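Chemist: Dropping the structure in here first, questions after.
The values are calculated or read from the model by the stated rules, or taken from the named source; none is laboratory data. These figures come from a predicted structure and were not determined experimentally. Every residue, glycine as well, gets a Cβ built from its backbone with ideal geometry; the counts of neighbours run over all protein chains shown. Ligands, DNA and RNA are excluded from the accessible area calculation, which covers all protein heavy atoms including side chains. Shrake-Rupley method; radii C 1.70, N 1.55, O 1.52, S 1.80 Å.
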Amino acid sequence: GFVPGLFGTSHGALQFMAYEDLKERYNKYRNRVSDTKLNTVEYIMMAAVSKIFAVVATYPYQVVRARLQDQHNTYSGVFDVICRTWR
């Protein structure tokens, strides 16, 4: 479970990437400079959407990591966990 645990850092990176892309596209849609500050509602919406994207993208990995770290089951590797979880 240690090596898959290292991939957990991707959650924050994905969220930040999605937030910046959403903000840039939104400002372009509104015909504003790309680094224009968002108002409170816009900020909350961009943060929520980017968080949802990051969670959906990384949640399956978190299930695999948690099962690998489970001391009560023995798995032969990541693919074994994925196959047994899918079943």
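Chemist: Segment 1-51: D in µm²/s via Stokes-Einstein (Kirkwood Rh, Cα pairs, 37 °C, 0.692 mPa s)?
Modeler: 273 µm²/s
Chemist: Ok, one more. What number comes out for accessible area per residue over the chain if the probe is 1.4 Å? Units Å², please.
Modeler: Computed with neighbouring chains in place, this is 78 Å² per residue.
Chemist: How would TYR26, TYR59 line up by accessible area, probe 1.4 Å, largest first?
Modeler: On the way: TYR26 50, TYR59 135 Å².
Sorted by accessible area, descending: TYR59, TYR26.
Chemist: Efficiency by 1/(1 + (r/R0)^6): what FRET value for ASP80 and ARG30, r their Cβ-Cβ distance, R0 = 30 Å, to the nearest 0.05? Walk me through the intermediate numbers first.
Modeler: Numbers: r = 49 Å, r/R0 = 1.63.
After rounding to 0.05, the efficiency reads 0.05.
Chemist: Right, here's the next one. Mind putting together the pair-distance distribution for the chain? All Cα pairs, 10 Å bins, whole percent per bin, short to long.
Modeler: Going from the shortest bin to the longest, the percentages are 16, 34, 22, 16, 11, 1.
Chemist: Treating the angle as unsigned and between 0 and 90°, give the value, to the nearest 10°, between the Cα long axis of helix 10-29 and the longest Cα principal axis of the chain.
Modeler: Its long axis makes an angle of about 20 degrees.
Chemist: Mind listing the phi-derived Karplus ³J(HN,Hα) values for segment 37-52, rounded to whole Hz, using 6.51, -1.76 and 1.60 with θ = phi - 60°, and x for any glycine or proline?
Modeler: The phi angles translate into 5, 8, 7, 4, 5, 4, 4, 4, 5, 5, 5, 5, 5, 5, 5, 4 Hz.
Chemist: Name the trypsin sites (Lys or Arg not before Pro) in segment 16-45 that are in a loop by DSSP and that have at most 15 other C-beta atoms within 10 Å, would you?
Modeler: Loop-located and lightly packed - ARG30, ARG32, LYS37.
Chemist: Could you sort HIS11, HIS72 by accessible area so the largest value comes first, with the probe set to 1.4 Å? Numbers along the way, then the final one.
Modeler: Numbers: HIS11 35, HIS72 165 Å².
Largest accessible area first, the list is HIS72, HIS11.
Chemist: For ASN39 paired with PHE16, estimate the spin-label separation in nm (one decimal), with each label point 7 Å from Cα along the Cα-to-Cβ line.
Modeler: Label-label distance for ASN39 and PHE16, simple model: 2.9 nm.
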